Every structure is written in structure tokens, then in C-alpha cells.
Amino acid sequence: MSRFSGRDWWFIGLLGTIYAFNFIDRMIIAVVGEPIRQEFGLSDFQLGIMGGAAFALFYGGIGIPLARLAERVNRIGIVATATALWSVMTILSGAATSYIHLLLARMGVGVGEAGFTPPVVSLIADRFPPERRATVFSMIAVGVSVGGAIGVLAGGWIAQTYGWRWAFVAAGAPGIGLALLLWLTISEPVRLNAGQTAPPFGAVIRRVGKSRAFVAFTVGSGMVALVGFGLNLFLIPLLVRRFGFDLAEAALTFAFTFSAATALGGVVGGLIADRFASFAHQRYGYFPMAATMLAMPLFLAAIYQDEWQAMAVLLFGSTFCLYAFLPTIMTVTQRLVEPRMRATAAATHAFGQTAFGLGLGSAFLGWLSDNLARNRYGEDYLRSCVDRAAGVQTPECVEAAGTGLQQGLLILGMFLTFAIVCYLLAARSIGGEIRDIEGEI
């Protein structure tokens, strides 16, 4: 750690704070999703579209053009502008008067947040040596966990006390000041191979498409995100429906099972990777493979529990394992392309991960939940229990909704099998690919 200067620590701390609010603004919908669903009369599928697919469609689609821009222009400016945009759109989410209005606002949040990760990964690659990058990104990514904790605890309390609309306002407002602080205090680092021009987009796609390790890591991380983001969006509704929690109680449990676990897992995973995989590259694949093999039975056992305390402990262990090496994978994929391809490669990886996870995972889980709840309740489940005109839900409706969501999560957890296979394939090819690309550079 002593290798970092004061400016390095400011870079890590400020970007980590922005990442925290990036995640607060992204995941606040998970905290207030249940009261929104009840106010607007939404199905779980509609909640999954709003909380996941609408965001992911624009986050993934805009991310690649913004990454192309980051290969050519000031990356600090891109991140600052993106931070201000997603913050404003989060505030506007609180003013929504219909499902469509809220859907459009969440799309705007996705557009803004697409401008964060690819430029930041590219900045890290130019500012820090390869053997420190996983640690640096892992420390910045702690912002995800801190943001998750702050977002759910404060958001749950605000939503419980003042209503879900004010939770959006409180989540979005700080980002505007952080964007200004970033622009004024962080300078653009010198680009590696600065004399080279950024290659065409097609050349980047051909490069990553030929990399078995890159493709395997992207699909594997997408499968992990499929499960992780699906759980994140629907964990609080699960606690409310199955265990009778209010929003504040559910938020506290979410903070323990997700935020604390990802913070600890991400830092530990980054340190392990830098210590034990920098000289044996195949371990970049074997480590996440082993972690996912451990996470899968823990996840399935957790969702199956009828006692919330046991579920929380098992989910903590599962989440720790699932997220331990995702920051490392993001940084190691940068070593599979030339320097001027890095932002675009990061955006491509993020697109695959987000499309599978936040896009497909949330909507798919919502669809599963609705259909399994209907099997439990009867064919008129949506009309009797979900429609806005149905009024106060009966205990039978709540029980069916909780059971359907539980069974949907159990089915979703089985997709971790594909992640294990992908990480194995990545481990078998990454060593030779890194040697080849570094030999070319």
C-alpha cells in the first residue's frame, strides 16, 4: 500500500465515492420497488423491466459509444458529465406520476451510468502498473458495497418515513457536487502508447472475439450477474412478502447480506489475485471458478430457508464468493487488448455482463415469479392480487407472491453452473493470451 502517493489515494477515494453513489442511484429501485409496485399496480415482470431491463438496455447500448469517445478525449470530463447526468435523472425518478414516466427516468439513469466504468478502467490502466490494477479497482469497487449499504439503509428509512419519492431525491442530489469536485481536482493521466490512434470499433470486436479468455470471462461474469442482480432487485420484496419485514428492517438485512459481503469479498479477491495470480495467469480463471462453485450451494440453501436469520448468514457467504473476483476480472480483461482498445474492451465486457445480469436476469426472474405465484394462487392471480384496482392485498396474495419469488430465485441460481464452466475455459487459455499480447506491445 505504501506505493500509493497522496494523489493516488485521492484518486481512489473520490472515484470510490462516486462509484458508491453510482450504485446508490442504480439500486435505490430495489429498496422502493415494493411500494412502487403496490402504488402503480405492477407485476414482478414489470418491476423487473423497470428496475433492470430499462436501465441495462441504455447502460449497455450507450456504454460502447462512450467508451469509443474515451479512447480519444478527456476521460475525466466524461466521468464528471456522466455523474451529473445520472444524478439528475435519479432525482427526476422521484417526480414520476406513472409507470411510463418512471421507466423513462430509469433509462436516463442508465445512459448516465454508462459513462463511468469504461473510462475509469482505462484511467487505472494508464495510471497504475499491471500488478497493482486489480487492487486499485477492487478498492474503488468497495464504493459499490458502501453505496449499497448507504443506499438501502438511508433509502429504506427515508421511504418508510417520507415516502419513496424522497428516497430518489436524497440518492441523486450528492452526485452533482461530486461531479464538480472530480472535474476540479483530478487531472487526466498520460495515455500509454499515446502516439497511437484508437483502432476502429470493428478491430476491437475482432480482437476480443478471438480471445477465448475474454469471451469466457464475459459470459461467466454475465451468469454471475444474472443471479446477483436478480437477487439485488428482489431481495427486499422477498423479505417483505415472506417474512413480513417493513422497508427499514428489510434494508438493514440487505445491507448485511449484500453490501458488507461484497465489500469484504471484493477487497480480499483483489488482494489474492494480485498476490497469487500475477505470475500464474491461469489462476485468474481458477479463483473465480472455485469461488462460484462454493457460492452456488450456499445461494440455493439460503433461498430455501424458512428462517430469515439462516437465510441472511448463508446469503452473506454466497455473496462474498460471487463478488470476490468480479473487479479482478474487469481489470485482467484489460491485459488481453492493446492500450488504446482498453475503454472499448471494458465497455464490451460491461455490456455482456449487464445485458445478462441486470437486463435479462431481472426481467426473467420477474416473469418466473409471476407465473409461479399464479400456479400457487390460481389463474386470476394478476387480476386479484396485482391489478391497481385490487386494493389491499389479502394474506393469500402475499403468500403466493412470496412463494413464487422464492421458487424463481431457486431456478435462477442454477445458472451459476454456466459461470463455473466459463471460468474453467478462461483459465485454460488466459496465460498464453496475456503472453502473446504483452509480447506485441
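The values are calculated or read from the model by the stated rules, or taken from the named source; none is laboratory data. Here the structure is a predicted model, which means the values were calculated and not measured. Quick reminder, even Gly has a Cβ in these numbers, built from the backbone with ideal geometry, and neighbours come from all protein chains shown.
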### Message
If I filter the range 110-132 for residues that are in contact (Cβ under 8 Å) with a residue 40 or more places away in the chain, aliphatic (A, V, I, L, M), outside any helix (DSSP H, G or I) and under 13 Å from Asp25 (Cα atoms), do I get at least one hit?
### Response
yes
### Query
Which members of the range 135-158 meet the condition of being over 15 Å from Met330 (Cβ atoms), of a type in the set (A, V, I, L, M), touching a residue at least 60 places away in the same chain (Cβ under 8 Å) and surrounded by fewer than 23 Cβ atoms within 10 Å (Cβ to Cβ)?
Val146, Ile150, Leu153
### Task
Mind counting the residues in the range 57-96 that are outside any helix (DSSP H, G or I) and more than 15 Å from Val32 (Cβ to Cβ)?
4
### Task
Only helices (runs of 4 or more DSSP H) wholly contained in the range 336-433 count here; list those with 2 or more residues that are under 24 Å from Ala277 (Cβ atoms) and either at pLDDT 85 or above or touching an Asp or Glu at 6+ places or on another chain (Cβ under 9 Å) (or both).
342-354
### Message
When the residues of the range 251-279 are narrowed to those that are polar (S, T, N, Q) and assigned to a helix (DSSP H, G or I), which ends up farthest from Ile158 (Cα to Cα)?
### Response
Thr262
### Query
With Ala95, Ala134, Ala125 as the choices, which residue is of a type in the set (A, V, I, L, M, F, W, C) and under 30 Å from Arg165 (Cβ atoms)?
Ala95
#### Entry: Near pairs, Cβ below 9 angstrom, 6+ apart or cross-chain, from the range 255-269 (crowded, with 18+ Cβ neighbours inside 10 Å) to any residue that is of a type in the set (Phe, Trp, Tyr) and not in a helix (DSSP H, G or I)
Gly265/Phe325; Gly266/Phe325; Gly269/Phe325
### Task
Among the numbered conditions (1) among the small types (Gly, Ala, Ser); (2) modelled with pLDDT under 85; (3) under 27 Å from Ser259 (Cα atoms), tell me where Gly172 comes up short.
(2)
### Task
Would you check which residues across the range 302-320 are under 26 Å from Ile140 (Cα atoms) and either buried (at least 23 other Cβ atoms within 10 Å of the Cβ) or touching a residue at least 60 places away in the same chain (Cβ under 8 Å) (or both) and list them?
Leu315, Phe316, Ser318, Thr319, Phe320
### Answer residue from the range 112-127, given it is farther than 16 Å from Met139 by Cα and modelled with pLDDT of 80 or more and is surrounded by the fewest Cβ atoms within 10 Å (Cβ to Cβ) among those
Asp126
### Task
List every residue pair whose Cβ atoms sit under 6 Å apart, with the two residues 6 or more apart in sequence or on different chains, where the first one lies in the range 26-40 and is free of Cβ contacts under 8 Å to residues at least 12 places away in the same chain and over 20 Å from Ala149 (Cβ atoms) and the second, anywhere, is basic (Lys, Arg) and surrounded by fewer than 23 Cβ atoms within 10 Å (Cβ to Cβ).
none
### Query
Taking the condition within 25 Å of Thr83 (Cβ to Cβ), of a type outside the set (Phe, Trp, Tyr) and surrounded by fewer than 21 Cβ atoms within 10 Å (Cβ to Cβ), does Glu249 pass?
no
### Message
Among the residues of the range 280-301, are any in a helix (DSSP H, G or I) and without any contact (Cβ under 8 Å) to a residue 12 or more places away in the chain?
### Response
yes
### Summary
Given the conditions (1) of a type outside the set (A, V, I, L, M); (2) in contact with a Lys or Arg (Cβ under 7 Å, 6 or more places away or on another chain); (3) assigned to a helix (DSSP H, G or I), every one holds for Gln160 apart from (2)
## Note on the structure
Every listed condition ((1) closer than 28 Å to Gly41 by Cα; (2) surrounded by 20 or more Cβ atoms within 10 Å (Cβ to Cβ); (3) at pLDDT below 90) holds for Thr97 save (2)
### Task
Using the structure shown, decide if Arg106 is surrounded by 21 or more Cβ atoms within 10 Å (Cβ to Cβ), in contact with a Phe, Trp or Tyr (Cβ under 6 Å, 6 or more places away or on another chain), touching a residue at least 60 places away in the same chain (Cβ under 8 Å) and not hydroxyl-bearing (Ser, Thr, Tyr).
yes
### Message
Take the conditions more than 18 Å from the chain's Cα centre (by Cα), farther than 23 Å from Leu409 by Cα and buried (at least 20 other Cβ atoms within 10 Å of the Cβ) and apply them to Phe276. Does it pass?
### Response
no
